[in-house]
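Please find one structure pasted underneath; my questions will follow.
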Amino acid sequence: FTLVRFDLPSHGFTGPDPSDDYSMQRSLHIVRQLLDHLQLNKVHLVGSSLGGNIAFNFAANNSERVASLTLINSGGFRKDNARGGRGESLPQWANYLLYLLPESAYAYFLNWMLVDKPMILDQQIPLFVDSFRREGNRWAEMQRIRQFKKVSNGNCSR
């Protein structure tokens, strides 16, 4: 197998999306364009966390391009009773929460995501923190959260 791994805009070292569009449709477009650029017609798709939600939606809408789907710690499915699930929006002060997280919170998050703890090396934690703290990522991630819409009919929407 050839492994292709990429960071979504607002994640890792990719940085914010210049379009400022963090909708599901935009994420699916990015995946589709990447596969087209690499001339990959059918793939074994793996998604972790938010990437799992995107992978799920990509597979649901592009089944002819997905040989298999693996979801790891996937989330992002908004519940009706969650803040914003009924049209409520996050308060403006929430934009700054990601700026206040200490490095230990990121280390906790990394440990929470991975089952195989020996794979987490001490030198990886600062890289993980830096990828979240890359210029523009925290603000972009809040825009992604604000733009996330619940999918109610099986079709992707923002």
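Nothing in this text is a laboratory measurement; each read-out follows from the coordinates by a stated rule. Please read these numbers as outputs of a predicted model, since none were measured by experiment.
By how many nm would the segment from residue 33 to residue 21 lengthen if fully extended, with 0.36 nm per residue of separation less the alpha-carbon distance? Kindly include the intermediate steps, with their values, before the conclusion.
Numbers: separation 12, 0.36 × 12 = 4.32 nm, distance 1.55 nm.
That pair, residue 33 and residue 21, stretches by 2.8 nm at full extension.
In whole Å, how far is the Cα centre of segment 114-138 from that of segment 36-77?
For segment 114-138 versus segment 36-77, the Cα centre distance is 23 Å.
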